[in-house]
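A short write-up of the structure that comes next.
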Amino acid sequence: MSLEVQKQHDTLIVRVCGEFDLRAADYCRRDIDQKLKTQGAKHILFNLGGVTFIDSSGLGVILGRYRKVTENGGKVAISNVPPRVTRILELSGITRLIPVYANESLALKELA
Amino acid sequence: MRLRNRMKLEFLSRPENVSLARVAVATFATEVDFNLSDLEEIKVAVSEAVSNAIVHGYEGKPTGTVLLTATLYQNELEIVIEDRGRGIADLARALQPGTSSDPERMGLGFVFMKSFMDEVDVWSEAGQGTRVKLVKTLPGELRAQNLAES
């Protein structure tokens, strides 16, 4: 599993690749929280385009960041969801809290 | 029920073994032509049960033992995941959606297991451990074929 994190204006873009499960969760949580702090971003965009597997541990990382960011007045969005991830996102109810966009540019437009 | 195949896997309660468990079960299940969507669902259910054993059963300690048994019967795949961890004192509550002892986990583990498998049975006792049985019925056509052959 790998994470690519890039700041664009007020948004931290988090591109997740590989299996987003319990093994990845701790590292992702720490890395994203540290970068949120050091780079001073307000919003987070999760690009899930490279995710090959996700379960409730991976979803927990997204939800945990959502709680943290919205407490400080920021927003969270998700983009590039692969078909195999769509069903589990919908079943989890996370899509009722966090908007999902087809690609990064559409999401960034909404977060701006 | 006629036994077709069985495998047992014993591993330490380390997060990297969650992937090992789900890939092993998915590989085992390919023998009976589950479709890709079924295999994805089986992988999520196994991942949730094994993650629960590690995070809740052994409270994140990497030295516990998780035992996984996958059995292929004529009509179904049965997966049993067992730990000898702390167990669940209030099982009825733990099975409710949104219940988690960890604020970052969503309490969705059992929701996914129940949604993706045809049967989920949980046995647990405080201080004794937890045993989760997951059953996925074989795809209809194959089940009919097996019945005709038997």
Would you be able to tell me the number of residues in segment B:57-81 that are touching a residue at least 60 places away in the same chain (Cβ under 8 Å), more than 15 Å from the chain's Cα centre (by Cα) and under 14 Å from B:VAL18 (Cα atoms)?
0
Could you tell me whether segment A:74-95 includes any residue that is within 13 Å of chain B (Cβ to nearest Cβ) and closer than 14 Å to A:LEU12 by Cβ?
no
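Given the criteria away from chain B (no Cβ under 11 Å) and in contact (Cβ under 8 Å) with a residue 24 or more places away in the chain, does A:GLY50 qualify? Walk me through how you get there before you give the answer.
Working: away from chain B (no Cβ under 11 Å): yes; in contact (Cβ under 8 Å) with a residue 24 or more places away in the chain: yes.
Against the criterion (away from chain B (no Cβ under 11 Å) and in contact (Cβ under 8 Å) with a residue 24 or more places away in the chain), A:GLY50 qualifies.
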Somewhere in segment A:40-53, is a residue at pLDDT 95 or above, more than 14 Å from the chain's Cα centre (by Cα) and not aromatic (Phe, Trp, Tyr)?
yes
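The values are calculated or read from the model by the stated rules, or taken from the named source; none is laboratory data. Keep in mind that what you see is a predicted model, and the values were worked out from it rather than measured. FYI the Cβ positions are ideal-geometry reconstructions off the backbone, even for glycines, and counts take in every protein chain you see.
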